[in-house]
Amino acid sequence: MFHTAQARIVAAISAFVLSLPAAAQSVLSVGPRSVQTLVLEQLFDRAGRWYLIDDGDCYTYLESPHIHLALDRLVLHAHMSSRLGQRIGTGCVGVDLASNVTLSGKLHGSGHFLTLDDIRIDRVDDESARNALTIALQVNPQLLPRAANIDVSAFVRKDVIAAGGTSARLDEFRIVHITTGPDSIVIQFDLSLSVP
């Protein structure tokens, strides 16, 4: 009789647990200042520069970025420096360009990365630089990258877990969904942690 009552209790608890909805995903809201830090640390990681083209003496890089969020897009204002041309031997035959530019990209989540996708140049202040970039992109549409990855798990490890003073270790981080708004990027995610 004891075993029957115990079996009924176990069955009732099991049925109750199985009827519960799956655990809710966690949410991380990343404001503009933290987005700026993420972009600086991960995209502008070569002496404060993000190299869009790096072919020896032929290059295009961005520096001094300022970021803001718009509906479904991350907008980046930066200074562009470029030696746009054809690599010949160890040199670059071409033109030096410099201008303030505005780029934007859509944010998507995949695995532990925010992917800045559909990167486009929205504005080039200097007319000569704008014309040269337009011609270069017509000749070779793949000249500039169309996507870039930002590792959110590195941010969570460094700025959330380590800053909290815990000995927890992030074992897995998986982005489920993101929403980009003017005030923040809201990241819904699953994670697993372990402690020593």
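Summary table below
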| quantity | calculated |
| --- | --- |
| Rounded to whole Å, sorted largest first: equivalent-ellipsoid semi-axes of the range 99-196, Cα gyration tensor | 37, 13, 12 |
| Among [x] 134; [y] 125; [z] 179, the entry that matches volume of the Cα convex hull per residue in Å³ as calculated here | [z] |
| Selected from LEU52, GLN138, HIS68, residue furthest toward positive end of dipole (the chain; charges at beta carbon) | HIS68 |
| Trypsin sites (Lys or Arg not before Pro) within the range 142-196, DSSP loop, no more than 16 other Cβ atoms inside 10 Å | ARG146 |
| Relative contact order of the chain, pairs being alpha-carbon contacts under 8 Å that are 6 or more residues apart, as % | 20 percent |
| Helix axis angle, 127-139 relative to the chain longest principal axis, alpha carbon, degrees | 70 degrees |
| Order of ILE178, ILE161, ILE185 - criterion: other Cβ atoms within 10 Å of each residue's Cβ, fewest first | ILE161, ILE178, ILE185 |
| Crossing angle, helix 32-42 versus the chain [Cα axis fit, 0-90 degrees, rounded to tens] | 70 degrees |
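Any read-out appearing in this document is the output of simple, stated calculations on the displayed coordinates, not a laboratory observation. Please read all numbers here as calculations on a predicted model, not as lab measurements. Note: ideal-geometry Cβ built from the backbone for every residue, glycine included; neighbour counts use all protein chains shown.
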